[in-house]
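Let me begin by presenting the structure, written as structure tokens, before commenting on it.
No lab work stands behind these numbers, since they all come straight from the coordinates. Note that this is a predicted model, so its numbers are computed, not measured. With ideal geometry, Cβ positions are generated from the backbone for all residues, glycine too; neighbour counts draw on all protein chains shown.
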Amino acid sequence: MGEIIARLARVPGETARLLAITALLAVLGLTVSLFVMQVLNRYVTHGVSGTLVTLTVGALLAVLAEHQLRRLRWSIAESIAGDQDRRLATGLFGLLLTTDLRGQAPWSAAAREELMRGVERARVAFGPAGLTVVADLPFSLLVLVILALLSPTLAGVTAVFCVGLAALAWLDQRRLARPADSLTRANGEVGALVASAVHAGETIRHFRAQPLLMARWQRVSEQAWAIGDRIGWIQVGGASLTQVTQALLGVAIVGVGALQVVGGGLDVGTLVGANLIAGRVLTPFSRIVQYGRSLRAAAVAVAEAKRFAAVAVEREGGRALTSWTGAVTVQDLAVGFPGQDGPLFSGLSVAIPAGGVVALTGRNGAGKSVLLKTLAGLMEPAQGRILADGVDRRLLALDWWRSRVSYLPQEPVFLPGSLRDNLRLARPDASDEDLLRCLAEADLRGFVDSHPQHLGLILDQGGQTLAPGIRRRLGLARALVTDGPLYLLDEPSEGLDREGARVVYQRLIDLAQRGRTLVIATHDPVILNGTQTVVHLDGPRSGLRTPDAPGGRAAS
């Protein structure tokens, strides 16, 4: 409710128009009630046909006018809502793209997806429909005043029922608060399991993970259903009480009014009209009760989006070096996984000259991939510095830095779209000839030429539908298209057959001969034997190992 009131307060001129039309609608809404009263009191009593025709035409004109005003009011409500929800969705999506990866760690992938769905709920709840529901409330009091002119007693009875419904709406909001939060989290877990079932079908079947996933599904879905049932009961109870309240109001109005009719203080026509007017007074309160869950869910979604918005975005601005050729110096570096207490390693120092070739080795989980991500600018070190030609990388523009770094992650992921679009991500100006040359260097020219769509081949599911070897070599081709002075390659030969590995070895030799700086995370003995320097990552003992054989084999 607070968000809707805030939106109304931001545009006082449009809000005044909305309220003026709502007030006119409240008055026109009494037309049918007054029509019934006049027909019963005048036409039925005197039987003059002209009176009936006049009253009927007047009522029809009022109903048509009310219809047009409601359309106009909706347009004004749309104007008040404006593009706030679209900007909220755009801003949130932008945050998903730009927030620091370490800062995103408290939100799982499913939770981040739920953030976007929550924005859609906010758009519905805080849009024109919500604005008109709230705008109707104060003018229920205007209708109540008109009812009081007919019968103060019946107006008092109606006011009591309105207060009761308002209290019911408040109570429903309180009762829905905790279940709504729990349901959001449970739905996020359900969504993650569904995504696994859809995208990891082969893994699930081969490793016989069906029982495990089914057990998780039953546990999580039953939890979600139980919460949903609880919410449903609260809503059904609220809706039922609303209907009961409306029915009881009709009974009370007729009962009390009948006493007034018998006592001579009210006529039958006025009693019937007063009953209709009392229903119109109560309707906005009934809509608020029914609207409660939407408002609550939207409020939770907006609050979570605001919490996410507090995450720091990647830094902007910075310098660009005019003649950097790939030289990198690491000084006293410490890095760790997002959300993990303590670094994976610390005190790492190594100088990599332009054109140098360095291999990172160590046990699984020692931090090789994390170090490459840090060098790529995807993560910031816990301590220490990374220097490019003596300049701290934190002083350099991230966009410039990434355009100069060719990166092959351990698990290449591709965006929805064509192969052409994916290869051009870092170099939008690359021609098809450039792309085909890089594909040929990754030994994929035949694969692309044999496909009917050629460079228009659509990649979906992050490229997971492709064979692992094809996906890895596509990642290499993407890095070759970037062709920066610095190459960061994470297990480039992993999972490749002999021919695929041979292609990778040849590309590494070519890149070294062209003066590119190479930092390679690997366990491949062929690559280790061909590097100038080996950095062994193993917790506190991490550091440079000196070569003891031609080609730079690491000392054991």
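From helices alone, the chain scores -21000 deg cm²/dmol at 222 nm; the rule is -39500 (n - 2.57) for each run of n ≥ 4 DSSP H residues, then divide by the residue total. When the charge dipole of the chain is built from unit charges on Cβ atoms (+1 for Lys and Arg, -1 for Asp and Glu) and taken about the Cα centre, the candidate among Leu55, Leu95, Ala303 whose Cα reaches farthest toward its positive end is Leu55.
If the segment from Ala239 to Ser79 were pulled out straight at 0.36 nm per residue, it would be longer than the present Cα-Cα gap by 54.5 nm. Among Trp225, Trp324, the order by Cβ neighbours within 10 angstrom, fewest to most, reads Trp225, Trp324.
For Rg/Rh (Cα atoms, Kirkwood Rh), the candidate list reads (1) 1.18; (2) 1.04; (3) 0.97; the entry that matches the value derived from this model is (1). In terms of surrounding Cβ atoms within a 10 Å radius of their Cβ, Ile80, Ile386 rank from fewest to most as Ile386, Ile80. Look at Phe161, Phe447 and count the other Cβ atoms within 10 Å of each Cβ; fewest to most, that gives Phe447, Phe161. Extension gain for Asp432-Arg174 works out to 86.9 nm (0.36 nm per residue, less the C-alpha to C-alpha distance). Pop the C-beta distance of Ala167 and Gln331 into the FRET formula with R0 = 56 Å and round what comes out to the nearest 0.05. E between Ala167 and Gln331, to the nearest 0.05, is 0.30. The residue list Ala159, Ala226, Ala197 was ranked by how far each Cα lies along the charge dipole of region 115-244 toward its positive end, using unit charges on Cβ atoms, and Ala197 comes out on top.
Between Ala215, Gly279, Pro353, the Cα set farthest toward the positive side of the dipole of the chain (charges on each charged residue's Cβ, about the Cα centre) is that of Gly279. Taking Cα centre as origin and charging only the Cβ of basic (Lys, Arg, +1) and acidic (Asp, Glu, -1) residues, the dipole magnitude of region 328-545 rounds to 320 debye. About its Cα centre, the dipole of the chain is roughly 680 debye, where the only charges are +1 on Lys and Arg Cβ and -1 on Asp and Glu Cβ.
In this simple spin-label approximation, Gln210 and Asn41 carry label points 7 Å from Cα along the Cα→Cβ vector, and these lie 7.5 nm apart.
Counting 0.36 nm for each residue step from Ala303 to Ala65 and taking away their Cα separation leaves a gain of 81.7 nm. Does region 57-173 come out rounded, prolate or oblate, given a ≥ b ≥ c as the square roots of the eigenvalues of its C-alpha gyration tensor, rounded meaning a/c under 1.5 and, failing that, prolate meaning a/b above b/c? Taking the square roots of the gyration eigenvalues as a ≥ b ≥ c, region 57-173 is oblate. Say R0 is 35 Å: what FRET efficiency, to the nearest 0.05, do Ser108 and Leu24 get from their beta-carbon distance? After rounding, the FRET efficiency stands at 0.10.
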